[in-house]
1. Out of all the residues in the range 116-125, which are out of contact with any Ser or Thr (no Cβ under 8 Å at 6 or more places or on another chain) and either open to solvent by less than 90 Å² (accessible area, probe 1.4 Å) or without any contact (Cβ under 8 Å) to a residue 60 or more places away in the chain (or both)?
2. Out of ALA249, ALA265, which single residue is of a type outside the set (Ser, Thr, Tyr), out of contact with any Pro (no Cβ under 7 Å at 6 or more places or on another chain) and without any contact (Cβ under 8 Å) to a residue 40 or more places away in the chain?
3. Identify, please: which residue in the range 187-206 is at pLDDT 90 or above and among the β-branched types (Val, Ile, Thr) and is, among those, nearest to ASP240 (Cα to Cα)?
4. Only one of these is surrounded by 13 or more Cβ atoms within 10 Å (Cβ to Cβ), modelled with pLDDT of 95 or more and over 25 Å from the mean Cα position of the chain (by Cα): VAL30, VAL25, VAL15, VAL41. Name it.
5. Specify the residue that is surrounded by the most Cβ atoms within 10 Å (Cβ to Cβ); the eligible residues are those in the range 203-236 that are in contact (Cβ under 8 Å) with a residue 60 or more places away in the chain and not charged (D, E, K, R).
6. Condition check: more than 22 Å from ALA282 (Cβ to Cβ), in contact (Cβ under 8 Å) with a residue 12 or more places away in the chain and either out of contact with any helix residue (DSSP H, G or I) (no Cβ under 8 Å at 6 or more places or on another chain) or open to solvent by less than 10 Å² (accessible area, probe 1.4 Å) (or both). Does ALA359 satisfy that?
7. Please give the helices (runs of 4 or more DSSP H) falling wholly within the range 304-410 in which 2 or more residues are within 30 Å of ILE177 (Cα to Cα).
8. Condition first: β-branched (Val, Ile, Thr) and surrounded by fewer than 21 Cβ atoms within 10 Å (Cβ to Cβ). Now tell me which residues in the range 126-167 satisfy that.
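The values are calculated or read from the model by the stated rules, or taken from the named source; none is laboratory data. Bear in mind that the values here come from a model prediction, so they are computed numbers and not experimental data. Every residue, glycine as well, gets a Cβ built from its backbone with ideal geometry; the counts of neighbours run over all protein chains shown. In case anyone asks, the SASA skips ligands and DNA or RNA and just uses the protein heavy atoms, side chains included. Shrake-Rupley method; radii C 1.70, N 1.55, O 1.52, S 1.80 Å.
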Amino acid sequence: MVESVPGDVVGPVVVGAVAHGGHCVARLDVGDGGPGRVVFVRHALPGERVLVTLTDTSHDRFWRGDATEVLEASPDRVVPPCPVAGPGRCGGCDFQHVALPAQRGLKTAVVAEQLQRLAGLTWEGEVEAVPVPGSDVDDGLGWRTRMRYHADAGGRSGLRRHRSHDLVVVPDGGCPIASPRTPAVVDRSWPAGAELVAAGTPTGSALLVAGTGPETTGDATPEGGLTEVVRGRAYAVPPDGFWQVHPAAADVLVGAVLDGLQPRAGERAFDLYGGVGLFAGALADAGCQVWGLESGRAAVAAARRNLVDAGKRARFTADRVERGLARLPGVVDLVVLDPPRTGAGAQVVRDVLARRPRAVAYVACDPAALARDLATAAKHGYEATSIRGFDLFPMTQHVECVAILSASASLRRA
């Protein structure tokens, strides 16, 4: 048998279930009587019959490919709203070919599968829609308040292709998932290779071009960042600092964390991977004494400014959580974990739970990392009493979850 190479068209294949990562699983008959070669297929839907153009055949156990011809379409298939979405084009959106309710169904299936396979948990929830504030249309567009572009050799703004550094030029109307509050980048020529970070809030915008100072309007801070307001508290965010990109995300996540933790005045709390102090601010406003830990020094400086009114009730340290946790107080009532996509990891989870907090809120942008850390938590006597999923990244495969952990009955009796 001649081995296939990228660019070959194979099939037809019937597409199987959705998998973590923005693709579905299909099996290609290779003629040896076995179960078939696994192919992770993008731009497809479960149950469809498609032809697949291979994009990666370098792995022994699986290949990757794009559904480039749909022979039998799912009823959930729609025409992508963006002219540069689809096979071989912009890699930013995974599900533009899927009706929005079905996108949330796919994400629900992925969260449930990851929790079951990696943590042994049965999750019967569903990924919740999160409307864009002020909009009466739920179309999955116009939500992303922070965008990162790159200029091509001709000075045109572009976005990367999937799993590639190659650029696709942004269409004339701009990126459809970008918030209209972000600065436009398609009407200007940029230095070749420049990185552009565009951000917008209801009252201001900032455009940061690598190697130059930020261009700002409205409520920009003196350093060129933006001010976000959540539940009456203002947070200054550095120009290239982290902030949730959906305009409702910060409020929704704070609400889920507070509902789950039920903080009481006088309790001691940790805000780990705390960024510019979003959850620390909510806990301090609830009357807690908060210790924040974050590796980014600019973010910690912003957190200190953002919570200066809290005085000694909010203290922040710039350090890696794995190292800095040992220097925090030994007794804590509440913990918020908001780690990067890789998760908190077994060491951090173990060290946090060794302090026996009353409750832990775990904010996760990757369901696999969440499931692995929940499995670790179970080994140390803590179980998830609540897991919620939020569709904060429509048109993409990404999903945000908030899990609330408390000591299991056996640990409480010990």
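1. LEU118, ALA119, GLY120, LEU121, THR122, TRP123, GLU124
2. ALA265
3. Top of the filtered list is VAL197.
4. VAL15
5. Only one residue tops the list, namely GLY225.
6. Taking the combined requirement at face value, the residue does not satisfy it.
7. Result: 367-379.
8. VAL132, VAL137
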